[in-house]
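Asker: I'd like to ask you about the structure that follows.
The values are calculated or read from the model by the stated rules, or taken from the named source; none is laboratory data. Please read all numbers here as calculations on a predicted model, not as lab measurements. FYI the Cβ positions are ideal-geometry reconstructions off the backbone, even for glycines, and counts take in every protein chain you see. For the accessible areas, the whole protein counts, side chains as well, though only heavy atoms, and no ligand, DNA or RNA atoms are used. Shrake-Rupley method; radii C 1.70, N 1.55, O 1.52, S 1.80 Å.
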Amino acid sequence: MKTTIIGAGYVGLVTSACLAELGNDVFCLDTDPLKIKILNAGGVTLYEPGLKELINRNRVEGRLRFSTQVEASVAHGDMQFIAVGTPADEDGSADLQHVLASARNIGRYMQGFKVIVNKSTVPVGTAEQVSAVVTQELSRREVKHSFSVVSNPEFLKEGAAVDDFMCPDRIVIGSEDDEDGEYALEQIRRLYKPFNQTHERTIYMDTRSAEFTKYAANAMLATRISFMNELANLADQMGVDIEAVRRGIGSDPRIGCDFLYAGTGYGGSCFPKDVQALMRTADKYRRPLQILSAVETVNKAQKSILINKILARLGQDLNGRIVAVWGLAFKPNTDDMREAPSRKLIVALLRRGAIVRAYDPVAMREAKRVFALDLRDERQVRARLSFVSTQTEAVYGADALAIMTEWKAFKSPDFGVLKRALKAPLVFDGRNLYEPNDMAEFGIEYYAIGRGVVLDNASSGKTHCV
């Protein structure tokens, strides 16, 4: 099927590449000429496992093209996917300017029936706004063309987005219950038919419910994370191991084990933005979401949990102290630094006089850009931050190691080498990668999140709770 994807960002690129892989003729539009130039030259503008290979294979085979030509993009696809960004506005609500601009362009250039698919994460009622904008443009042109707006939210995890798209656990489709809506639904059923060969994965509903489903899903996942982080902080005070608790409650099929890992708070482009947007929507209806307010409060505090542990152990003045940081991206298998907990930790360390040596397997380039912005008015502070080539180089001669991202490369290091490389065998683990008893046997003083027992003195072997 001829399909246009508007937006060559994270969702747009994954959607374009995966639909092309299934044999569709895909036109991917973006208004950024540099981004399009990179994509047409065989590069990619973000890191996602398997995506570059998928894009280049389908581009070479002629099923995927990239362009800045708006009119050509509208002419190409009978199905127009809007997959542009919806960043948080100043009040936390979703900014729909790019979504509505895309709708306006479709209305401006369409010459026949179009199925307009909202793939972006948008507030309830956006499909109606898109419809109104397209209708307005058609009226301005004094032409009549039929169309229907469909809501098809994405449920992609960064780091596993290609697999999530190609093997979805569900496909949510929201459409209108009229003649044009029925035709649009028939077309989107055809598009997604390859995903439903073994069993039906598609869930059908109205557009407003589909829009709400996306926000509800992310809000639920964010709630689980904050809930476990609160329990972990209590566990630290009580001498309880939150990992044992996680296994105990996660084995209950009513609860499950996903998103129950304690850590330094959630980040990325979705959870922080979507929780805020849902809260702002609720405020408009005078139905404040008290649970989500608590979720957000807990998450903000959790991003300081590891720095608080470091300061409690090393003191408030970190002048001359060298702290190694493993992991910068907000999660593994991505270079996304948006709302990454590492940003708050590193800035706090630097402002207290520490020297920071940071390493991430993938996010180094993006991290350099982000910290240049975060510390743009603090040159002397920024001068104490360096980015190194290996995880071993980061820890050599350091007073402590802080782990911020659970990359596989960090899960089983040579602890003997690690202990010898560090000036003092001191590890602050924000992702609970190691077992406290194992670290005690290696003679490493170990502080994690909610693990209860930590090594107090490497030579004495005594333990205490933090």
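Asker: Collect the residues in the stretch 20-34 that are among the aliphatic types (A, V, I, L, M) and within 23 Å of the chain's Cα centre (by Cα), keeping them in residue-number order. Let's see the steps before the verdict.
Answerer: Restricting attention to the stretch 20-34, the residues satisfying the condition of being among the aliphatic types (A, V, I, L, M) are 20, 22, 26, 29, 34.
Scanning the stretch 20-34 gives a single hit, LEU29.
Asker: Go through (1) crowded, with 21+ Cβ neighbours inside 10 Å; (2) small (Gly, Ala, Ser); (3) free of Cβ contacts under 8 Å to residues at least 24 places away in the same chain and name the single condition SER412 misses.
Answerer: Tallying (1) crowded, with 21+ Cβ neighbours inside 10 Å; (2) small (Gly, Ala, Ser); (3) free of Cβ contacts under 8 Å to residues at least 24 places away in the same chain, SER412 fails exactly one: (1).
Asker: Can you name every residue in the stretch 303-322 that is within 16 Å of VAL347 (Cβ to Cβ), assigned to a helix (DSSP H, G or I) and either open to solvent by 80 Å² or more (accessible area, probe 1.4 Å) or modelled with pLDDT under 95 (or both)?
Answerer: Answer for the stretch 303-322, where residues must be within 16 Å of VAL347 (Cβ to Cβ), assigned to a helix (DSSP H, G or I) and either open to solvent by 80 Å² or more (accessible area, probe 1.4 Å) or modelled with pLDDT under 95 (or both): just ASN308.
Asker: Do you know which residues across the stretch 201-235 are touching a strand residue (DSSP E or B) at 6+ places or on another chain (Cβ under 9 Å) and without any contact (Cβ under 8 Å) to a residue 40 or more places away in the chain?
Answerer: Matches in the stretch 201-235: ARG201, THR202, ILE203, TYR204, MET205, ASP206, SER209.
Asker: Another question, then. Scan the stretch 119-169 for residues that are of a type in the set (Val, Ile, Thr) and assigned to a strand (DSSP E or B) and report the count. First the steps, then the outcome.
Answerer: Step one: of the stretch 119-169, the residues of a type in the set (Val, Ile, Thr) are 121-122, 124, 126, 130, 133-135, 143, 149-150, 162.
From what's left, assigned to a strand (DSSP E or B): 149-150.
Adding up the residues that qualify gives 2.
Asker: Can I ask one more? Looking at this structure, is PHE227 out of contact with any Pro (no Cβ under 8 Å at 6 or more places or on another chain) and farther than 29 Å from TRP326 by Cα?
Answerer: Numbers: out of contact with any Pro (no Cβ under 8 Å at 6 or more places or on another chain): yes; farther than 29 Å from TRP326 by Cα: no.
Criteria not met by PHE227.
Here is a yes/no grid of residues against (1) farther than 25 Å from ALA216 by Cα; (2) touching a helix residue (DSSP H, G or I) at 6+ places or on another chain (Cβ under 7 Å); (3) of a type in the set (A, V, I, L, M, F, W, C):
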residue	(1), (2), (3)
ALA94	no, yes, yes
HIS98	no, no, no
GLY112	yes, no, no
LYS119	no, yes, no
PRO123	no, yes, no
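Asker: Sticking with this one: Of all residues in the stretch 336-349, which are surrounded by fewer than 20 Cβ atoms within 10 Å (Cβ to Cβ) and over 15 Å from ARG384 (Cα atoms)? Steps first, answer last, please.
Answerer: From the stretch 336-349, those surrounded by fewer than 20 Cβ atoms within 10 Å (Cβ to Cβ) are 338-339, 347-348; that's our starting set.
Across the stretch 336-349, the qualifying residues are ARG338, GLU339.
Asker: Here is a follow-up. Applying the selection to the stretch 417-445, what residues are over 23 Å from ARG246 (Cα atoms), part of a loop (DSSP other than H, G, I, E, B) and open to solvent by less than 30 Å² (accessible area, probe 1.4 Å)?
Answerer: Hits for the stretch 417-445 are LEU422, GLY443, ILE444.
Asker: Do you know which of the residues in the stretch 86-104 that are of a type in the set (S, T, N, Q) and either part of a helix (DSSP H, G or I) or without any contact (Cβ under 8 Å) to a residue 12 or more places away in the chain (or both) is surrounded by the fewest Cβ atoms within 10 Å (Cβ to Cβ)? Step through it out loud before you land on a result.
Answerer: Just the residues of the stretch 86-104 that are of a type in the set (S, T, N, Q), to begin with: 86, 93, 97, 102.
Now restrict to residues that are either part of a helix (DSSP H, G or I) or without any contact (Cβ under 8 Å) to a residue 12 or more places away in the chain (or both): 97, 102.
Numbers: GLN97: 12, SER102: 29.
Residue satisfying both the conditions and the ranking: GLN97.
Asker: Still on this structure: Going by the structure shown, is GLU186 more than 30 Å from MET337 (Cα to Cα), without any contact (Cβ under 8 Å) to a residue 60 or more places away in the chain and exposed (fewer than 15 other Cβ atoms within 10 Å of the Cβ)?
Answerer: Numbers: more than 30 Å from MET337 (Cα to Cα): yes; without any contact (Cβ under 8 Å) to a residue 60 or more places away in the chain: yes; exposed (fewer than 15 other Cβ atoms within 10 Å of the Cβ): yes.
Yes.
Asker: If you don't mind, another one. How many residues are outside any helix (DSSP H, G or I) and more than 25 Å from the chain's Cα centre (by Cα) if we restrict to the stretch 374-384? It would help to see each step written out before you state the result.
Answerer: Quick first cut of the stretch 374-384, residues outside any helix (DSSP H, G or I) only: 375-378, 383-384.
Subset that is more than 25 Å from the chain's Cα centre (by Cα): 377-378, 383-384.
Matching residues across the stretch 374-384 total 4.
Asker: Would you mind stating whether ALA282 is free of Cβ contacts under 8 Å to residues at least 24 places away in the same chain, out of contact with any Phe, Trp or Tyr (no Cβ under 6 Å at 6 or more places or on another chain) and of a type in the set (A, V, I, L, M)? So that I can check it myself, show each step before the final result.
Answerer: Working: free of Cβ contacts under 8 Å to residues at least 24 places away in the same chain: yes; out of contact with any Phe, Trp or Tyr (no Cβ under 6 Å at 6 or more places or on another chain): yes; of a type in the set (A, V, I, L, M): yes.
Spelling it out, ALA282 is indeed free of Cβ contacts under 8 Å to residues at least 24 places away in the same chain, out of contact with any Phe, Trp or Tyr (no Cβ under 6 Å at 6 or more places or on another chain) and of a type in the set (A, V, I, L, M).
Asker: Which residue is surrounded by the most Cβ atoms within 10 Å (Cβ to Cβ), if the candidates are limited to the stretch 106-129 and must be farther than 13 Å from PHE147 by Cα and among the small types (Gly, Ala, Ser)?
Answerer: So the residue we want is SER120.
Asker: For the subset of the stretch 350-367 comprising residues that are open to solvent by less than 40 Å² (accessible area, probe 1.4 Å) and in a strand (DSSP E or B), which member is nearest to LYS331 (Cα to Cα)?
Answerer: Applying the first criterion (open to solvent by less than 40 Å² (accessible area, probe 1.4 Å)) to the stretch 350-367 yields 350, 353-354, 356, 358-360, 363-364, 367.
In the following step, the residues that additionally are in a strand (DSSP E or B) were identified as 356, 358-359.
Details: VAL356: 20, ALA358: 15, TYR359: 14 Å.
If we take residues in the stretch 350-367 being open to solvent by less than 40 Å² (accessible area, probe 1.4 Å) and in a strand (DSSP E or B), then TYR359 is nearest to LYS331 (Cα to Cα).
Asker: When you go through (1) under 22 Å from SER102 (Cβ atoms); (2) out of contact with any Phe, Trp or Tyr (no Cβ under 8 Å at 6 or more places or on another chain); (3) crowded, with 19+ Cβ neighbours inside 10 Å one by one for ILE173, which number turns out not to apply?
Answerer: Looking at each condition in turn, ILE173 falls short on (2).
Asker: Within the stretch 130-139, does at least one residue satisfy the condition of being open to solvent by 40 Å² or more (accessible area, probe 1.4 Å), farther than 30 Å from ALA282 by Cβ and among the small types (Gly, Ala, Ser)?
Answerer: Checking the stretch 130-139: at least one residue is open to solvent by 40 Å² or more (accessible area, probe 1.4 Å), farther than 30 Å from ALA282 by Cβ and among the small types (Gly, Ala, Ser).
Asker: What are the pairs with Cβ atoms under 6 angstrom where one residue, in the stretch 128-146, is at positive phi and the other, located anywhere, is of a type in the set (Val, Ile, Thr) and open to solvent by less than 60 Å² (accessible area, probe 1.4 Å)? Sequence gap at least six, or different chains.
Answerer: Nothing qualifies.
Asker: Does GLU186 satisfy the condition of being in a helix (DSSP H, G or I) and more than 26 Å from the chain's Cα centre (by Cα)? Step through it out loud before you land on a result.
Answerer: Values: in a helix (DSSP H, G or I): yes; more than 26 Å from the chain's Cα centre (by Cα): yes.
Yes.
Asker: Regarding TYR396, is this residue crowded, with 23+ Cβ neighbours inside 10 Å, of a type in the set (Ser, Thr, Tyr) and over 17 Å from the mean Cα position of the chain (by Cα)? Explain how you work it out, then say what you get.
Answerer: On the way: crowded, with 23+ Cβ neighbours inside 10 Å: no; of a type in the set (Ser, Thr, Tyr): yes; over 17 Å from the mean Cα position of the chain (by Cα): yes.
When the stated conditions are applied, TYR396 does not pass them.
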